[in-house]
Structure formats: C-alpha cells, structure tokens
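Engineer: Below is one structure. I have some questions about it.
Just so you know, all these numbers are worked out from the coordinates, no wet-lab data involved. Being a predicted model, the structure only gives us computed values, none of them experimental. Heads up, the Cβs are rebuilt from the backbone with ideal geometry, glycines too, and the neighbour counts pull from every protein chain shown.
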Amino acid sequence: MRPKGLIVAIDGPAGAGKSTAARELARSLGYIYVDTGAMYRVVGFLARERGLSPEDGPGLGQVAARVTMRFEARTDGTQTVLADGRDVTSAIRDQSIGDWASKVSTQGEVRHHMVAAQRAVAHEGGAVLEGRDIGTVVFPDADLKFFLEASPEERGQRRQRQLQEKGEAPALTEIVSEIEARDRRDQSREHSPLYCAPDAVRIDTTRLGAQEVVATLLARCRERLAAGGRPLKP
C-alpha cells in the first residue's frame with residue numbers, strides 16, 4: 001500500500017464516461033481526482049492561442065514545460081482549471097479544443113512533460129487518474145486499472161446532450177464522425193497510443209448509468225483496500 005492509498009487508473013476513449021466515474025470514485029474514496037485530459041486541453045488551448053501548429057513538437061513542448069496548472073475543487077464536485085493563474089475551465093471544454101488536445105497529445109515532447117507532472121501529483125497514492133495512457137504509461141504499476149468504453153453512437157449522444165445544455169445544436173452525425181476520427185488518432189499515435197492494459201478491468205458503459213459504473217469501480221476498490229492493497233485474484 002502506498003502512503004496515501006491506492007492509485008486507480010481509468011482509461012478509455014472520449015465520451016465513455018471516464019470523467020464522471022473518476023470524479024465520483026475519488027469523492028467516495030476521499031482521494032484526489034486528476035483529470036489528465038484537461039492538462040492536454042490546456043496545452044492545446046494555449047498553443048492555438050499563440051498561433052502554434054499542432055505539429056510543432058518543440059514549440060508545443062515549450063508550452064507544456066512552462067505552463068503552471070492548478071486544479072481547484074468546487075463545491076459541486078467539479079474543478080476549476082487554472083493556467084498560469086488564469087481560469088480556463090470553460091475555454092478548454094470547447095469542442096474544437098478537444099480536437100486540439102488530441103493532436104498535441106501525439107507529440108512526444110508534450111507527453112514527456114505531462115507524464116512527469118501526473119506522476120509527481122499522484123506517486124504517493126490516494127489518487128484516481130483518468131485519461132488514455134494512465135494504466136499503460138503513466139502508472140503501469142497502478143493498484144487498480146479500469147478501461148471504460150462505449151459505442152461511438154452512444155458517446156456521440158452523450159456529447160450532443162452536453163453541448164445542447166450549453167445552447168449549442170451540433171448534428172449527431174458530425175459529432176460521431178469527430179469521435180471516430182479522434183479514436184483513430186489516439187489509437188495510432190506513436191507516443192502512448194490508447195489501448196486497454198492487459199490487467200485492466202474492461203467495462204462497456206453503453207447501457208450503464210453513471211451510478212452503476214461508479215458502484216462497480218467502488219466495489220473493486222473496496223475489495224482491494226480490504227485486502228490491504230494486495231493484488232486480487234482474477
């Protein structure tokens with residue numbers, strides 16, 4: 001057992017329910033929640049703001065190396081994201097920034113700095129991290145690994161509902177197409193491609209509610225804690 005508890009890795013593609021599950025799981029366990037996707041979104045947002053190309057590895061690496069990020073918990077369970085002291089919470093959730101995040105995350109220079117930052121935050125345990133390479137690259141020795149997935153259509157509908165709540169009305173076909181393109185990019189990139197770790201618990205959330213997913217994850221974590229952090233039998 002690490003000094004502050006377990007390290008829980010939650011990976012999967014966009015729209016599979018990682019953020020909601022990770023946030024609620026961390027709250028239930030009293031752990032910190034690390035949204036690694038938001039870190040790449042910050043780099044993408046700053047890169048676009050500064051006129052950089054998503055293919056400019058050295059330039060993007062400098063952005064990743066120099067930016068100071070801070071995550072502050074809100075009373076509603078969400079987080080405020082600060083980049084060099086500036087609140088970018090809403091800005092980085094724009095649909096176009098998600099695409100930028102996927103592109104800049106293919107750059108090895110960016111991943112080098114982001115992975116180091118993620119390890120520094122959670123190395124003592126007591127953390128739930130969600131992303132695309134947590135259980136494979138960032139913490140291959142995580143105490144528990146989960147891989148959440150869902151059909152592209154279901155993920156598209158979830159994203160459409162989120163955007164409609166913001167007053168936007170995107171076509172579902174367009175969203176699904178973007179999701180599938182991002183999946184291909186994430187799965188085929190040279191550095192830290194998205195895939196399910198062999199020792200991860202795979203969960204299809206297509207027909208599951210958020211609370212059902214959280215309950216499944218929490219049950220596994222409590223089993224592990226009851227065992228003193230020792231690995232459980234398959």
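Engineer: What percent do you get for the relative contact order of the range 100-217 when only Cα pairs under 8 Å and 6+ apart count?
Structural biologist: Relative contact order, the range 100-217: 36 percent.
Engineer: Continuing with this model, one more query. Once you put a point 7 Å from the Cα of S177 and another 7 Å from the Cα of A226, both along the Cβ direction, what distance in nm separates them?
Structural biologist: Here the answer is 5.0 nm between the modelled labels.
Engineer: Sticking with this structure for a sec: If you bin every alpha carbon distance in the chain into 5 Å steps from zero, what whole percent lands in each bin?
Structural biologist: Answer for the chain: a P(r) of 1, 7, 14, 19, 21, 18, 12, 6, 2, 0, 0 percent.
Engineer: Quick one: if the Förster radius is 41 Å, what FRET efficiency do K4 and R184 give, using the C-beta to C-beta distance and rounding to 0.05?
Structural biologist: 0.65
Engineer: What distance in nm separates the two pseudo spin-label positions at D87 and Q211, each 7 Å out from Cα along the beta-carbon direction?
Structural biologist: Label at D87, label at Q211, 3.0 nm between them.
Engineer: So for each of 33-44, 138-149 I average, over its residues, the number of other beta carbons within 10 Å; can you give me the resulting order with the highest mean first?
Structural biologist: 33-44, 138-149
Engineer: Using C-alpha positions alone, give me the convex hull volume of the range 172-234 per residue in cubic angstrom.
Structural biologist: 115
Engineer: Given the convex hull of the Cα atoms of the range 1-129, what is a quarter of its surface area in nm²? All intermediate terms of the calculation are to be shown ahead of the outcome.
Structural biologist: On the way: hull surface 30.9 nm².
For the range 1-129, the mean projected area of the Cα convex hull comes to 7.7 nm².
Engineer: Taking every DSSP beta bridge that has both residues in the chain, what percent is antiparallel when rounded to the nearest 5?
Structural biologist: Values: 8 of 25 bridges.
If we restrict to bridges inside the chain, about 30 percent are antiparallel.
Engineer: Additional query: Give me the base-10 log of I(q)/I(0) for the range 134-221 at each q in 0.24 Å⁻¹, Debye formula, one uniform scatterer per Cα, rounded to two decimals.
Structural biologist: -1.19
Engineer: Starting from the Cα coordinates of the range 126-167, work out the convex hull volume and express it per residue in Å³.
Structural biologist: In the range 126-167, the Cα convex hull volume per residue is 96 Å³.
Engineer: For R202 and R74, compute 0.36 nm times the residue count separating them, minus their Cα-Cα distance, and round to one decimal in nm.
Structural biologist: 43.1 nm
Engineer: Also, I was wondering about something else. If the convex hull of the alpha-carbon atoms of the range 38-109 is projected onto planes in all directions, what is the mean projected area in square nanometres?
Structural biologist: Answer in nm², one decimal: 4.6.
Engineer: Kirkwood hydrodynamic radius, the range 3-66, all distinct C-alpha pairs: what's the number in Å? Could the numbers behind the result be given before it?
Structural biologist: Working: mean 1/r = 0.0723 Å⁻¹.
When all Cα pairs of the range 3-66 are included, the Kirkwood radius is 13.8 Å.
Engineer: If you don't mind, there's one more thing I want to ask. Given the DSSP H assignment, sum -39500 (n - 2.57) over each helix run of at least 4 residues in the chain and divide by its residue total; what's the result at 222 nm in deg cm²/dmol, nearest 500?
Structural biologist: -15000 deg cm²/dmol
Engineer: Among R182, R111, R27, which one shows the highest mean-square fluctuation when the chain is modelled as a Gaussian network with alpha-carbon springs under 10 Å?
Structural biologist: R27
Engineer: Okay, moving on. Pick out, in residue order, every one of the GluC sites (Glu not before Pro) in the range 31-117 that is DSSP loop and has at most 14 other C-beta atoms within 10 Å; say none if there are none. Kindly include the intermediate steps, with their values, before the conclusion.
Structural biologist: Numbers: sites: E49, E55, E72, E109; in loops: E55.
Those satisfying the criteria are E55.
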